[in-house]
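*Asks:* Have a look at the structure that comes next, please.
The values are calculated or read from the model by the stated rules, or taken from the named source; none is laboratory data. Computed from a predicted model, the values in this text were never measured in an experiment. Cβ sites come from the backbone with ideal geometry, for glycine too, and all protein chains shown count toward neighbours. The protein model used for the area step is the full one, side chains on, heavy atoms only, and it has no ligands, DNA or RNA in it. Shrake-Rupley method; radii C 1.70, N 1.55, O 1.52, S 1.80 Å.
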Amino acid sequence: MDKFKSVLTRDEVAVFTLRALYSEYGYERYKMSKFEEYDLYARNKDFLVSENVITFTDTDGRLLALKPDVTLSIIKNSKDKPEGVIKTQYNENVYRISGGTKSFKEFMQVGLECIGNVGDAEISEVLLLAAKSLDSISERNILEISHLDIPESVLTYCGVSAAGKKNIFSYLAMKNKDGIKSVCEREGLAADKSELAVSLVDIYGSPEAVIPELDKFRVNEKASEAVDRLSSLTATLTNAGYGKKICIDFSLVVDMKYYNGIAIKGFVEGIPSGILSGGQYDNLMNKMGRKSRAIGFAVYLDELEKLSF
Amino acid sequence: MKRFINIALPKGRLGEKVYGMFEAAGFECRDIKENSRKLIFENSELGIRYFWVKPSDVAIYVERGAADIGVAGKDILLEYSPDVYEFLDLNVGRCHMAVAAKRGFVDDKSKTLRVATKFTNIAKKYYSSLGRDIDIIHLNGSIELAPILNLSDVIVDIVETGATLRENNLEVVEKFEPISARLIANKSSFKFLSDKIEEIRTGISKQIAKD
């Protein structure tokens, strides 16, 4: 490998490092060589990072697509496995609209999925691998973790309507406290409940600082379970030496049509947007008619060229 | 090496007012008040660095991480939906996003409504919420001219006092979104500089004038 060091770019090095890391944990390589029908992506449009997909007609007239995403394919092509787990890793090009140019670009993506009877052990392992992935890219990194049941339960407990929730979630993602307050006012919430909703923005940071504060979110059984799970999972990561690089943050908002439970996003200093993103997606599995549960994440390597050191 | 906090401020009167809030909160930078051609101003003691940019560009600087924090109008945030944190409503630069038309204009719902605006996305979203079929005419300035020359039926634009509209025989049909300056931050920067950025946010929040 040494003789290649001088010629490999940062993202190429990352691809090999991450592949080796995931193999070490028993994640088998998934190669996607055929094209999926456009329909697969059209049905799950909101799951995709950008909804535009390059399509073309196959020799038999079927409408196919260049993959905008790998997860959907992995689910579709894997057996439903309510017992045991399948551990898969991939490293593929995906085709999406690039932000600035508004035209299609090829992006290199590395990621892993764990599908089947996913329990605490598997979730812990995936979180650990996310932390290790970030570490292999840069020492200066932060893994943001949220449990989606916590904000959801808190808002339900406060009596926020479905439309109000949607607004609050979009303000929560922006950490916009004024916005959340104004929705609470419109919904006619009592002062203490509105304060509780706003504290979803205020409470964030290392597990050490945040976990003791979370008791106020134990508004029902579901929320209580979520708090317990979040504290046990972050404790495992802390024991593995990642305590200082974890940030519990409920402003990490994702589409709950697909995701549930734990959600994660990884940041590296010097790159302006998240480079790792993932979480549990039992709801997507359900939507695709699967009984098994799933968790996974992807690392967006195209961002690495922005690192200047 | 100490990491500076980069702050993008909107050029112009609003920016000067906003800088005043930063200064009052204890984040002063003396050079900034001198009339010079310099683009970047530093206070190395406090570890902060200011720069003036075109108001509509602040969100881009912040979203792309060239600035860690900045001050941008809510109009720009609504139009471009940048992926940034929106920490505070600074309660300055207050105005409204509004629909305006020639005095006495009546909307004929059987026709496509022609809308001239700088804010294409805001206009589209507003009219789609009303279920009204529209045609968008994107202009970069002098929007008020459009209805006068019959280029459009209405305009969607920022209205502060309404004086320009009145002088041109136009009137506000509806104000639909309050606008003001917001303190925004890059999501990634905030993860690594949260203490310092929180300190600035707290300082600035004390400078916000109450209605």
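*Asks:* Most mobile of A:Ile137, A:Ile246, A:Ile54 per a Gaussian network model of chain A (Cα springs, under 10 Å)?
*Replies:* Per the Cα network of chain A with a 10 Å cutoff, A:Ile54 tops the list.
*Asks:* Find the centroid of the Cα atoms in the range A:158-230 and in the range B:80-137, then give the distance between the two in whole Å.
*Replies:* 31
*Asks:* Taking both sides together, what accessible area is buried at the A/B interface, probe 1.4 Å, expressed in Å² and rounded to the nearest 100?
*Replies:* Counting both chains, the buried surface is close to 1600 Å².
*Asks:* Residue by residue through A:248-256, how many Cβ atoms from other chains fall within 10 Å of the Cβ on average? Present the calculation step by step, with values, prior to reporting the outcome.
*Replies:* Values: counts 0, 4, 0, 3, 1, 0, 0, 0, 0.
Rounded to a whole number, the mean comes out at 1.
*Asks:* Under 18 Å from a point placed 7 Å out from the Cα of B:Arg103 along the Cα-to-Cβ direction: which residues of the range B:138-170 have their backbone N that close?
*Replies:* The answer is B:144-150, B:154-155, B:161-170.
*Asks:* Next question, about the same structure. Given a 1.4 angstrom probe, I'd like the percentage of the accessible area of the range B:1-87 that is carbon and sulfur, rounded to a whole number. Show your work: numbers first, answer last.
*Replies:* On the way: 2250 of 4620 Å².
Looking at the range B:1-87 in its full context, I get 49 percent from C and S.
*Asks:* Moving on to the next point. Along the range A:274-281, what does the Karplus equation 6.51 cos²θ - 1.76 cosθ + 1.60 (θ = phi - 60°) give for ³J(HN,Hα), rounded to whole Hz, x for Gly and Pro?
*Replies:* Karplus-based 3J(HN,Hα) across the range A:274-281 equals x, 10, 9, 8, x, x, 7, 9 Hz.
*Asks:* Related question: Nearest 10 degrees is fine. How inclined is helix B:120-130 to the longest principal axis of chain B, computing both from alpha carbons?
*Replies:* 50
*Asks:* So what's the back-of-envelope 222 nm ellipticity for chain B, counting only DSSP H runs of four-plus at -39500 (n - 2.57) apiece and dividing by all residues, rounded to 500? The partial results should precede the final answer.
*Replies:* Numbers: 8 runs with 63 residues, N = 211.
Calculated from helices alone, the mean residue ellipticity at 222 nm is -8000 deg cm²/dmol.
*Asks:* Do any residues of the range A:258-278 lose at least 20 Å² of accessible area when the full set of protein chains is present rather than just their chain alone, and if so which, with a 1.4 Å probe?
*Replies:* Residues meeting the cut-off: A:Phe267, A:Glu269, A:Pro272.
*Asks:* Calculate for chain A the 222 nm mean residue ellipticity that helices alone would give, adding -39,500 (n - 2.57) per DSSP H run of length 4 or more and normalising by residue count, nearest 500 deg cm²/dmol. Please list the in-between numbers first.
*Replies:* Details: 11 runs with 117 residues, N = 309.
Mean residue ellipticity at 222 nm (helix-derived): -11500 deg cm²/dmol.
*Asks:* When the accessible area of each residue in the range A:174-219 is compared between its chain alone and the complete protein assembly (1.4 Å probe; ligands, DNA and RNA ignored), which residues differ by at least 40 Å², being lower in the assembly?
*Replies:* A:Met174, A:Lys175, A:Asn176, A:Asp178, A:Tyr204
*Asks:* Could I ask something else about it? Positive end of the dipole of chain A, charges at C-beta (+1 Lys, Arg; -1 Asp, Glu), about the Cα centre: which of A:Val299, A:Leu134, A:Val198 has its Cα farthest in that direction?
*Replies:* Farthest towards the positive pole: A:Val299.
*Asks:* Would you mind checking the tilt of helix B:13-24 against the longest principal axis of the Cα atoms of chain B, expressed as 0 to 90 degrees and rounded to 10?
*Replies:* Tilt relative to chain B: about 30 degrees.
*Asks:* Can you give the relative contact order of chain B as a percent, counting alpha carbon pairs under 8 Å and 6+ residues apart?
*Replies:* Values: 392 pairs, mean separation 60.0, N = 211.
Answer for chain B is 28 percent.
*Asks:* If you don't mind, another one. Assign one of three labels to the range B:84-174, namely rounded, prolate or oblate, based on the Cα gyration tensor with a ≥ b ≥ c the square roots of its eigenvalues; rounded applies when a/c is under 1.5, prolate when it is not and a/b is larger than b/c, and oblate otherwise. Show your work: numbers first, answer last.
*Replies:* On the way: a/c = 1.95, a/b = 1.30, b/c = 1.49.
Because a/c hits 1.5 or more and a/b fails to exceed b/c, the range B:84-174 counts as oblate.
*Asks:* With a ≥ b ≥ c the root eigenvalues of the C-alpha gyration tensor of the range A:198-309, is it rounded (a/c under 1.5), prolate (a/b larger than b/c) or oblate? Walk me through the intermediate numbers first.
*Replies:* On the way: a/c = 1.86, a/b = 1.12, b/c = 1.66.
It is oblate, given that a/c is not under 1.5 and a/b is not larger than b/c.
*Asks:* Apply the Debye scattering formula to the protein assembly as shown, with a single equal point scatterer on each alpha-carbon and no solvent, then give log10 I(q)/I(0) at q = 0.09 Å⁻¹.
*Replies:* Result of the Debye calculation: -0.75.
*Asks:* Expressed as a whole number of Å, what is the distance separating the alpha-carbon centroids of the range B:164-196 and the range A:1-29?
*Replies:* Between the Cα centre of the range A:1-29 and that of the range B:164-196, the gap is 45 Å.
*Asks:* Using alpha-carbon pairs under 8 Å, 6+ residues apart, how would you state the relative contact order of chain A in percent?
*Replies:* Working: 524 pairs, mean separation 65.6, N = 309.
This gives 21 percent for chain A.
*Asks:* Let me ask another. Please report, in whole Å³, the volume per residue of the convex hull around the C-alpha atoms of chain A. Write out the running numbers ahead of the final one.
*Replies:* Details: hull volume 48.3 nm³, N = 309.
Cα convex hull per residue, to the nearest whole number: 156 Å³.
*Asks:* What's the average, rounded to a whole number, of partner chain beta-carbon atoms within 10 Å of each residue's beta-carbon in B:185-197? Intermediate results must be reported in sequence, preceding the final value.
*Replies:* Details: counts 2, 2, 12, 11, 4, 7, 15, 7, 1, 5, 0, 0, 0.
Average per residue, whole number: 5.
*Asks:* Taking the DSSP beta bridges in chain A as the whole, what percent of them are antiparallel, to the nearest 5? Can you show the working numbers first?
*Replies:* Numbers: 44 of 49 bridges.
Percentage antiparallel, nearest 5: 90.
*Asks:* Using a 1.4 angstrom probe on the protein heavy atoms only, could you order A:Asp80, A:Asp60 from most to least accessible area? Before the final figure, lay out the partial values.
*Replies:* Numbers: A:Asp80 55, A:Asp60 95 Å².
Greatest to least solvent exposure: A:Asp60, A:Asp80.
*Asks:* Along the charge dipole of chain A, which of A:Ala14, A:Val53, A:Gly241 sits closest to the positive end, that is, farthest toward it, with unit charges on the beta carbon of Lys, Arg, Asp and Glu (+1, +1, -1, -1)?
*Replies:* Sorting the options by dipole projection puts first A:Val53.
*Asks:* Quick check for you: with a 1.4 Å probe and neighbouring chains kept, what is the accessible area per residue of the protein assembly as shown, in Å²?
*Replies:* Working: 24980 Å² over 520 residues.
Per-residue value: 48 Å².
*Asks:* On C-alpha positions alone, give me the angle between the axis of helix B:194-205 and the longest principal axis of chain B, in degrees, nearest 10.
*Replies:* 60
*Asks:* With the full set of protein chains in place, find how many percent of the accessible area of the range B:95-178 is carbon and sulfur; take the probe as 1.4 Å.
*Replies:* Values: 2310 of 4820 Å².
That fraction is 48 percent.
*Asks:* Going through the cross-link list A:Lys222/A:Lys257; A:Lys102/B:Lys191; A:Lys105/B:Lys118; B:Lys74/B:Lys118; A:Lys265/B:Lys196, which pairs have a Cα-Cα distance over 20 Å in this structure?
*Replies:* Numbers: A:Lys222/A:Lys257 18 Å; A:Lys102/B:Lys191 28 Å; A:Lys105/B:Lys118 28 Å; B:Lys74/B:Lys118 14 Å; A:Lys265/B:Lys196 22 Å.
A:Lys102/B:Lys191; A:Lys105/B:Lys118; A:Lys265/B:Lys196, as the Cα separations exceed 20 Å there.
*Asks:* Run the reach check for A:Lys81 against lysines, Cα to Cα strictly under 16 Å, same-chain hits fewer than 8 apart removed. What comes back?
*Replies:* A:Lys287, A:Lys291
*Asks:* Note the full-extension length gain between A:Glu195 and A:Lys257 as 0.36 nm times their separation in residues minus their Cα-Cα distance, in nm to one decimal.
*Replies:* Working: separation 62, 0.36 × 62 = 22.32 nm, distance 2.70 nm.
That works out to 19.6 nm of additional length.
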